[in-house]
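Before any comments, here is the structure.
The values are calculated or read from the model by the stated rules, or taken from the named source; none is laboratory data. Worth saying up front: this structure is predicted, and the values here are computed from it rather than measured. A quick note on method: Cβ atoms are made from the backbone with ideal geometry, for glycine too, and the neighbour counts reach across all protein chains shown. Accessible surface is based on the protein model in full, side chains and every heavy atom, while ligands, DNA and RNA are left aside. Shrake-Rupley method; radii C 1.70, N 1.55, O 1.52, S 1.80 Å.
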Amino acid sequence: MKKKVFAVLGVLLVLIVGVIVYFVLSDLNQEEKLKNELEEINRLVDSESINMKEINEKLERIVTDGDYAVVERAFKDYLKDNFDNVMEITSLLNDERVTKLLTVENYKNDGKEFLETKSYILSTREQLRNCKDKYIEFFTEDKIMSYINDKGLDSYYIDLYKDEFVGDIENDDSDQIVEGAIDELILLLDRTELVINFLSSNQDDWQIENDHIVFSSDSLSNEYDSLLDQVVS
């Protein structure tokens, strides 16, 4: 009888060990998939020619299961929101319209009230400020962790998420470059706005002749030139 009991216990022990090993190996496999996916996204982002279509495809898919899938979805949602903001910043910085605001062509098309120009400056400046605030916020621990804290996960998975993201946060030159570029464009818009407001306020004292702006007095012409110098300096 004892032999039968020991035999049954032995079988149960083997089964229990097998189940434990299975789940351990499964977890390790899921964790490896998760880290490989993150490394692959990092590789695509660091590429000289960034393929946003390929990046977005990876951000939309889920390669893990269970709680690991929740972690994966959280960090991909974070990355997607961050990338979307960066792409908006890029679009604003590359908008060529800002370089045409102080041209004779714009003076003809939108002068002398410059309603469209003023609206464009106001909206673009506001967008830039909002994007800059978001950009700074995205690289804070509170913002990153907000994507995982409300998922009801065990501390192990939260720590895994934290180790993969928060552990890599640090201020570098790229952050200063992006923020500096935004500040420079805002300054350009501010100085352009001064010129536009000057023209709007003195709309009866200037006109376009032979594709050149001509003022009714030297003092106004000098003031205009002074404001224009601040834009290009």
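Before moving on, here are some points about what is shown:
- Here V63 clears all of (1) at pLDDT 75 or above; (2) open to solvent by 60 Å² or more (accessible area, probe 1.4 Å); (3) over 20 Å from the mean Cα position of the chain (by Cα) except the condition numbered (2).
- Identity of the residue in the range 141-160, under 13 Å from G66 (Cβ atoms) and part of a helix (DSSP H, G or I), that ends up farthest from the chain's Cα centre (by Cα): Y156
- Meets criteria (among the charged types (D, E, K, R), within 22 Å of E126 (Cα to Cα) and crowded, with 17+ Cβ neighbours inside 10 Å) for E184: no
- Lone unmet requirement of (1) modelled with pLDDT of 90 or more; (2) surrounded by fewer than 18 Cβ atoms within 10 Å (Cβ to Cβ); (3) under 20 Å from the mean Cα position of the chain (by Cα); (4) not charged (D, E, K, R) for V178: (2)
- Residue in the range 192-208 that is at pLDDT below 95, open to solvent by 30 Å² or more (accessible area, probe 1.4 Å), in contact with a helix residue (DSSP H, G or I) (Cβ under 9 Å, 6 or more places away or on another chain) and over 19 Å from L122 (Cα atoms) present: no
- Matching residues in the range 109-159 - criterion: being under 26 Å from I177 (Cβ atoms), basic (K, R) and open to solvent by less than 80 Å² (accessible area, probe 1.4 Å): R125, K132, K143
- Hits in the range 149-164 - residues which are touching a residue at least 60 places away in the same chain (Cβ under 8 Å) and within 19 Å of N36 (Cβ to Cβ): Y157, L160, Y161, E164
- Hits in the range 93-108 (condition: touching a Ser or Thr at 6+ places or on another chain (Cβ under 9 Å) and either within 30 Å of D205 (Cβ to Cβ) or open to solvent by less than 20 Å² (accessible area, probe 1.4 Å) (or both)): R97, V98, L101, L102, N106
- Per-region count, the range 209-220, residues open to solvent by less than 50 Å² (accessible area, probe 1.4 Å) and in a strand (DSSP E or B): 2
- Qualifying positions in the range 66-103 - among the hydroxyl-bearing types (S, T, Y), over 21 Å from E184 (Cα atoms) and over 14 Å from the mean Cα position of the chain (by Cα): Y68
- Restricting attention to the range 34-49, the residues that are surrounded by 13 or more Cβ atoms within 10 Å (Cβ to Cβ) and within 26 Å of T90 (Cβ to Cβ) add up to 6.
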